[in-house]
Amino acid sequence: MWDRLWINARLATMTDGAPYGALAEGALASADGKIAWVGPQGELPGTPAELAREVIDLEGRWVTPGLIDCHTHLVYGGNRAREFELRLEGASYEEIARAGGGIRNTVKATREASEEELRAGALPRLKSLLAEGVTTVEIKSGYGLNLETELKQLRVARSLGKELPVTVSTTFLGAHALPPEFEGDSDGYIDAVCAMMPEVASSGLADVVDAFCETIGFSYEQTKRVFQAARDNGLPVKLHADQLSDLEGAKLAADFGALSADHLEYTSESGAQAMAEAGTVAVLLPGAFYFLRETKQPPLEAFRSAGVPIAIATDSNPGSSPATSLLLMLNMACTLFRMTPEEALLGVTRHGAQALGLRESRGTLEVGKVADLCIWNIESPAELAYRIGFNPLVTAVKDGRDVVSGAV
Ligand code: DI6
Ligand code: FE
């Protein structure tokens with residue numbers, strides 16, 4: 001017998017075939033936290049009452065996979081509202097960074113914060129994501145820039161996944177910015193990051209390694225050294241690539257078989273081609289594009305024609321995207337990048353899972369995958385991307401259990 005059976009559902013399975021992998025009169029069952037059955041209700045192998053201990057009549061509501069936010073920097077100290085004001089007075093994000101502000105401001109506040117303070121700061125941001133149906137989230141370090149503080153951030157990220165009903169994937173982003181004590185010696189800092197790698201790996205606190213390959217971040221060669229150290233220590237990689245300029249980050253990520261390359265506004269066609277061949281997901285971050293008032297569009301057509309899977313994420317961070325709404329990112333991906341609502345929803349389900357190396361267990365409604373679901377009060381899946389600032393979540397289900405009840 002199954003534990004739970006949802007009937008009279010419209011299912012957006014996000015598998016291939018019909019748009020959204022949709023099934024109009026569907027049913028879905030869970031057992032032991034996994035999807036045990038999914039298909040047309042008429043093909044159920046018995047009456048609902050015979051099949052499951054609990055039957056939930058969805059009365060035609062839509063069900064999608066639980067949402068996945070595959071790129072965030074949720075754990076940090078302080079905020080950067082003051083820099084927002086400075087930018088409105090005319091300073092650019094790069095100017096603020098070069099003057100010693102930007103990421104370094106957050107590094108100072110993060111180093112000074114206790115684990116409890118970091119937890120308390122991140123908790124409401126994470127709850128905001130969960131309230132919209134996020135069941136899996138990636139959280140990066142990168143505001144410590146020394147081993148002690150990077151591990152502190154990663155420990156807090158891990159503990160949030162134990163405290164709240166969400167799967168947390170953690171990423172070590174030691175090569176995010178140059179800390180003040182290494183001013184003028186970025187190669188020396190990269191040596192230090194590589195030297196942190198064995199302990200980061202053995203701590204078990206990081207699932208993936210990331211870096212910021214950019215003129216205000218680290219060079220192609222420096223990033224390559226970080227990736228090599230990650231590989232030597234058995235950790236997969238992803239990259240902040242080509243956000244403000246084309247340093248061929250997409251190609252570098254592809255060369256290392258990266259799970260994803262993220263941002264990608266300045267990526268070339270050949271970079272997109274290399275990603276397609278490597279199976280590297282393109283993670284687009286419309287919140288950062290919007291908040292920094294970027295004008296250079298990521299090469300969507302190149303990704304589409306090369307067959308690169310495209311994911312969408314909040315990039316939730318204090319400097320370039322203080323966003324805690326993944327649904328808003330769906331709308332922005334469509335309005336700013338001209339993605340279709342179906343592409344956007346794939347970006348926070350199937351392709352978001354792939355960007356985290358979790359394709360086998362999450363991201364679609366298929367038998368054997370984790371029973372992470374969202375039940376929505378909508379008439380079509382496109383509404384998830386269409387509305388602005390509206391949350392139609394009825395219930396979020398994590399590992400087969402109801403964990404969040406929405407307001408509608
Ligand atoms: N790119 C980003 O968008 C974030 N990090 C990065 O490398 C911004 C981080 C920040 O400004 O605090
Ligand atoms: Fe980021």
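Computed from the coordinates by the stated procedures, all read-outs in this text should not be read as laboratory data. Remember, it's a predicted structure, so these values are computed and weren't measured experimentally. Positions of Cβ are generated from backbone atoms using ideal geometry, with glycine treated the same way; all protein chains shown enter the neighbour counts.
Just checking the listed ones, 349, 135, 395: in the Gaussian network model of the chain with Cα springs under 10 Å, the one fluctuating most is 395. Modelled spin-label separation between residue 49 and residue 301, with each label point placed 7 Å from Cα along the Cα-to-Cβ direction: 6.0 nm. For the stretch 116-123, the Karplus equation 6.51 cos²θ - 1.76 cosθ + 1.60, evaluated at θ = phi - 60°, returns couplings of 5, 5, 5, 4, 5, x, 6, 3 Hz by residue, with Gly and Pro reported as x.
Could I get the Rg over Rh figure for the stretch 179-303? Both from C-alpha atoms, Rh via Kirkwood, rounded to two places.
Values: Rg = 14.6 Å, Rh = 14.9 Å.
We get a ratio of 0.98 for the stretch 179-303.
Charged neighbours of residue 7, selected by a Cβ distance under 15 Å, balance to -3 (K, R count +1; D, E count -1). Each semi-axis of the equivalent ellipsoid for the stretch 234-313 is √(5λ) with λ an eigenvalue of the Cα gyration tensor; in descending order they amount to 18, 13, 11 Å.
For the chain, the longest stretch holding no GluC sites (Glu not before Pro) located in a DSSP loop with at most 12 other Cβ atoms within 10 Å is which?
Working: sites that count: 59, 89, 183, 360, 379.
With GluC sites (Glu not before Pro) excluded where exposed in loops, the chain gives 184-359 as its longest stretch.
Model label points for residue 232 and residue 89, set 7 angstrom from Cα along the Cα-to-Cβ axis, are 4.6 nm apart.
Taking the helices alone, the chain has a mean residue ellipticity at 222 nm of -10500 deg cm²/dmol, built from -39,500 (n - 2.57) per DSSP H run of at least 4 residues and averaged over all its residues. Here the calculated FRET efficiency for residue 81 and residue 270, from their Cβ-Cβ distance with R0 = 45 Å, stands at 0.70, rounded to the nearest 0.05. Here the simple spin-label model places points 7 Å from the Cα toward Cβ, and for residue 120 and residue 185 these points are separated by 3.6 nm.
Relative to the longest principal axis of the Cα atoms of the chain, helix 220-232 runs at roughly 60 degrees. Restricted to Cα atoms, the chain shows a radius of gyration and a Dmax of 21.0, 71 angstrom.
Using only Cα atoms, what Kirkwood radius does the stretch 146-249 have, in angstroms?
Working: mean 1/r = 0.0711 Å⁻¹.
That comes to 14.1 Å for the stretch 146-249.
Per the Cα gyration tensor, the stretch 275-373 maps to an equivalent ellipsoid with semi-axes of 23, 17, 12 Å, ordered largest to smallest.
Compute the longest continuous run of the chain that contains no exposed trypsin sites (Lys or Arg not before Pro); treat a site as exposed when its DSSP state is not H, G, I, E or B and it has at most 12 other Cβ atoms within 10 Å. Intermediate results must be reported in sequence, preceding the final value.
Values: sites that count: 293, 338.
Segment 1-292 is the longest.
With viscosity set to 0.692 mPa s at 37 °C, what whole-number translational diffusion coefficient in µm²/s follows for the stretch 1-100 from Stokes-Einstein and a Kirkwood radius over Cα pairs? Write down the numbers at each step before the final one.
Details: Rh = 17.2 Å.
My calculation gives 190 µm²/s for D.
Taking amide H as placed 1.01 Å from N in the peptide plane, residue 37 has its amide H under 5 Å from the amide H of 29, each at least 5 places away in sequence or on another chain.
Taking other Cβ atoms within 10 Å as a rough exposure proxy, 186, 114 sort from fewest to most as 114, 186. Give me the angle, in degrees from 0 to 90, between the Cα long axis of helix 103-112 and the longest principal axis of the Cα atoms of the chain, rounded to the nearest 10. Helix 103-112 sits roughly 80 degrees off the main axis of the chain. With the charge dipole of the chain set up from +1 on Lys and Arg Cβ and -1 on Asp and Glu Cβ about the Cα centre, the Cα lying farthest toward the positive end among the listed residues 166, 393, 408 is that of 408.
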